[in-house]
1. Give the long-range amide H neighbours of B:Phe211: residues separated by 5 or more places, or on another chain, with amide H under 5 Å away, using H modelled in the peptide plane at 1.01 Å from N.
2. Take every Cα pair under 8 Å in the range A:225-282 that's 6+ residues apart, average their separations, divide by the length, and report that relative contact order as a whole percent.
3. The range A:508-584: which trypsin sites (Lys or Arg not before Pro) are DSSP loop and have at most 13 other beta-carbon atoms within 10 angstrom?
4. What would the Debye formula give as log10 I(q)/I(0) at q = 0.06, 0.07, 0.10, 0.11 Å⁻¹ for the alpha-carbon point model of the range A:287-607, no solvent?
5. Along Cα-to-Cβ, 7 Å out, sits the label point; list in nm, shortest first, how far the one on A:Pro548 is from those in the other copies.
6. Between the alpha-carbon centers of the range A:160-188 and the range B:196-220, tell me the distance in whole angstrom.
7. Once phi is turned into ³J(HN,Hα) by the Karplus curve 6.51 cos²θ - 1.76 cosθ + 1.60 with θ = phi - 60°, what whole-Hz value does each residue of the range A:213-227 show in order, with x for glycine and proline?
8. For A:Val394, B:Val53, what ranking results if the residue with the fewest other Cβ atoms within 10 Å of its Cβ goes first?
Number of protein chains: 2
Amino acid sequence: MAVELKDLAPLLLKTERANGDVDPRVLTNVLRGGQAANDRRKELLQVIERHPVLSDRDMMFRNHTQRYEFGLKKGFHYVKLLQEGGYTDPVDQQILYKAMAEPLGFDVHRAMFVPTLENQGDDAQRAKWLPLAKSYKILGAYAQTELGHGSNVQGIETVATFDKATQEFVVDSPTLTSRKWWPGGLGKTANHAIVHARLFLDGKDVGVQAFLVQLRSLEDHQPLPGIEVGDIGPKVGFNGVDNGYCAFHKVRVPRENMMMRYAKVLPDGTFVKPKSDKLVYLTMVQVRAYMIKTLGVQMGTASTICTRFSAARIQGRTPDNKGEFQVLDYQNQQYKLFPLIAISYAAHFAGTSLVEMHDSALDVIKRGGSSFGAKLAELHAVSSGLKAWLAERVSDGIETCRRLCGGHGFTQSSNLAHIFTEIVGANTYEGTFDVLVQQHARYLLKTLASLPANEESTKFLNQSKQYSDTKLRCKAQTSEDFGNLDLLLEAFQTRVARIILTLASQMKNTKSDGNACMVLMTRASTAHAELILLEAFIRGVKSLPSGPEKHSMTHLCSLFGAWLITNSLGDFRQYDYLSSGQVDLVREQIVRLLPIIRKNCVLLTDAWDFSDFELNSTIGRYDGDIYRALVKRTADEPLNKTQVPKGYEKYLKPLIQSDL
Amino acid sequence: MAVELKDLAPLLLKTERANGDVDPRVLTNVLRGGQAANDRRKELLQVIERHPVLSDRDMMFRNHTQRYEFGLKKGFHYVKLLQEGGYTDPVDQQILYKAMAEPLGFDVHRAMFVPTLENQGDDAQRAKWLPLAKSYKILGAYAQTELGHGSNVQGIETVATFDKATQEFVVDSPTLTSRKWWPGGLGKTANHAIVHARLFLDGKDVGVQAFLVQLRSLEDHQPLPGIEVGDIGPKVGFNGVDNGYCAFHKVRVPRENMMMRYAKVLPDGTFVKPKSDKLVYLTMVQVRAYMIKTLGVQMGTASTICTRFSAARIQGRTPDNKGEFQVLDYQNQQYKLFPLIAISYAAHFAGTSLVEMHDSALDVIKRGGSSFGAKLAELHAVSSGLKAWLAERVSDGIETCRRLCGGHGFTQSSNLAHIFTEIVGANTYEGTFDVLVQQHARYLLKTLASLPANEESTKFLNQSKQYSDTKLRCKAQTSEDFGNLDLLLEAFQTRVARIILTLASQMKNTKSDGNACMVLMTRASTAHAELILLEAFIRGVKSLPSGPEKHSMTHLCSLFGAWLITNSLGDFRQYDYLSSGQVDLVREQIVRLLPIIRKNCVLLTDAWDFSDFELNSTIGRYDGDIYRALVKRTADEPLNKTQVPKGYEKYLKPLIQSDL
């Protein structure tokens, strides 16, 4: 749609909505777990939005120090809000917390310290510490990572030595690289920490254990003797949090401070080994499943902002020179943006499935079932692969959205950079990309070696012989054929089966040298993750009621599949499964779908039902009044509080008036 | 190399250097324009490093407001340094300026305001204003971009109306979206601006012209009547700069304040049209050529930091469980990092060629030559395509380096995030990706339509018939064959020729609807940019003296080519130019080259000869003593100046002691 008039941004966005035929509420119910849950969510968002302190959205004006200090204030008011408002439901608490839009010094206390006491403390420990922790009287950190060791927990250098005489552990940091490094809240907030240290009993190393160590006085918050603690400084994200360091100089804690639910140390120094604990794996799966859902939401946030901006922004003359294009008119804009909208939905569907599978596995375990080993291994592998894929693609996708908004995306008030910096750490924490893809690929290899596969996500491997037939050809004859979801699935199954078979043979050739096969493992994990995302998307679409929403989502799903194919054409062209001509058809299909999806793209992102408060974006406003918002927001910049900058007299005037 | 001992980071890096056979100084001479130039560069770096103010490296602790205010101080001292140190050579000035590692409020004054007066002012204007501008008595901004219009300069809404009676122009901002938005230094620093406005003479629109408008009083820096001016707030990068907004309310400037070197307005209101000005294009080429070189340097910075960290960091047990891998041992790390080292060199070689071609074109013009039209068109197109490609790949590459450094890459003290935020704007300014790839692709189409091509970069199109033969096959039979640089070039030429031919036919089919062919135009531009980068790299390698440096660089160049192929297998597999089996060979070649390149990778990045002061990275130190540097840097975090955070009494104590 070519536009002639100026400053019509709000009208343009309105027109986009009017031109679509999707009812976003139908999709909102899917994305937000039904209307009741969404209503509750929005009600709680308003609690934060109306709060004099917690509604703060000025983090962009603050440096790390200021964000932390303001974060303390926010944290205090958040706790008061929970206590005084009676918000005891963990789901409610989580919504309220997330609505503040930046993690705080309390974050790890809530997410890791309390759960560790709950899961790894024995009954006496839980009775003693949980009430204190839950009422924020003791504030805890989770000190595992060290300066020299992150993902390799077995490399931890902090030492705990049992002193039988005093019935104490002596916790010590023997090297430069052994100091704890990174734990959130450790720097300035926490007065206690769960500390992971290598335990020595009578000189014998019995492995890494967890200890509760008090760090600071409960009287005046001063570090206790032997504790060297502080903040590690500014980071890419999380600057409201005091990620910290800590060195222990022969610090003594009572025997009762080792987490004793599984492993134990008896008073005589006897070590009782822990029973193998499947629940640890299950917790990891749960954390990742929720991360996957969060990644979907964040992709939804960024793509909503970008879609609205693209609709409201005009730029560049139309060929007839009579008006200007909306940015959304450009084929390249659609080509880059729409697959990101698709990723947000795919991540939502895949994450939701994983959460459900986790919950039912937990049920089985709680009911004393024992046949969950295979399911657990699958969940662990699949959640690893999906987390690796999505963390990378969603971070990159958010940055793509930012670039697609041109200069206005570059201003912090667009909020796209903040969204990026708060999520991009997901590439690193909870397992780096390389570690995760290997875990995933090794699971696939193991499954292949012990066919038949019974789990849903790898059943296709039972047909691996068929897929490995180099005469197998994709049946598409027209570009529209690539909208056939079954045809797409076969293509993705063929691709991943072949990569896993190649990987198996390469592992054999290298005598199982995993490192020599790592690039190929990455390809295997990627291919399987994409198959799972596509399957989840297809299942999600199929579950929708008939109507324009299902119709539009089917197109988005087709685009997702075709787009994924064009990103990995080397795989799909292998042994000419796709011919050179079929590749042209896939490309044609994408270009054909773009204007179709464009018709509803604003509504497909509206479906997330983000409030303007949540988006916190001058250029992502629901009403499209982006220019007024940009202008208005400049009034908050501290430099604009005076006409003349502070440094004028000292640094500008002497230059300007040097000869006057 | 598996490592058993702890905290051996410096030793590990030393060992890497000892294991290589490249003399980095040979390559330094290539990258830095000879030893004399490099010596001068390092001498000037030390001037900044030893300066009490200009050596500041604490930007990570500051918010935008603080960075701007400190930037004023830096700017003042920088001007004093130039004046008192007698640094008049523009190359010296540029090195000194860049050594401060962040752009300042003066930036646009130096880079755009003064050159505009020089190039677009007539003799009288230059005589009047240049001495004032060059001695920083008037401080200028370059106000083109508006809230509603960026890349489409013809859409500018600011108006200048000539008032014959008073011989003045009346400059006005008639709409919300017409306010100037983004210009660097406009917010708080500049007291003048070159303002682009649509000129009306007797009610007739004669197009966009440039006017010198005074914004602030030279007495007290207060905005003049009718001027509404301020800072647009925090951004992703450039936070030391006061990017500003400005609205004009019927502001009057004398007729003599229109830039009159080309277009003119006579006292009676007659408009004298400008002669077409090829120099404007040439300036654009020059700016982009230097951007391309800068992108190479920045890719060099990030890959140097990442390579050193990867060598010094150990993580993850070896299969025999006896030690730990260096991160650099991992195949995936090499696979992601080494192509980025290659990009830094490719950008350097391509940028250097462009600068040389620009300089000789300028010579021709200055000597009154007229046969430079074709050369100029080529330079403009190629610099557009290369800038688009490199801005995207280098920004993404720097972020990849950051992720490859795990948690330590996430700390600001690694400096990788700062490097990213200061360069990522290159995707937007000086032409966004989509605009540039279209310009580039249209040039290629035009060349194809008027063969034979005579310019170096498109001569291959004369063989387009041969390349379009669907029976053409790549001759590689072994993986090593993909190290044959001529074979690689043929593959890249075939690929790009075919895409341009397809594009030409699609343009025909769509009746030259550029927007309907934009995805394909992007592919054409990308393919040609990659060909040019590869050619430049090959030329660069061939010009090296024989020896281990040439040998090692040849491997890096081969890797670059093979890696590029695997990124676009759909193109290279078209009509089976590469067979399915040959794709396996390309992949094999990459995996084969990785350990070979690893042998010298530290030395290949050492070759940039960055000082530790330049890198400003705790984890990128030349000596590898990264852990001590990380610990040391935390002392500078303001939160660590006290043991107990400020907010303790008010926000933490009430929670901790609530029932005590």
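Read-outs throughout are calculated quantities, based only on the coordinates presented, and are distinct from any laboratory measurement. The shown structure was predicted, so the numbers you read here are calculated from the model rather than taken from an experiment. All Cβ positions, even for glycine, are placed from backbone atoms using ideal geometry, and neighbour counts span all protein chains on display.
1. B:Val195, B:His196, B:Ala197, B:Met259
2. That works out to 24 percent.
3. A:Lys511
4. Here the Debye-derived log intensity ratios amount to -0.22, -0.29, -0.60, -0.72.
5. Result, one decimal in nm: 7.0.
6. First find each Cα centre; the distance between them is then 68 Å.
7. Once θ is set to phi - 60°, the couplings for the range A:213-227 become 10, 7, 9, 10, 5, 7, 7, 10, 6, 6, x, 6, x, x, 10 Hz.
8. Fewest-to-most Cβ neighbours within 10 Å comes out as B:Val53, A:Val394.
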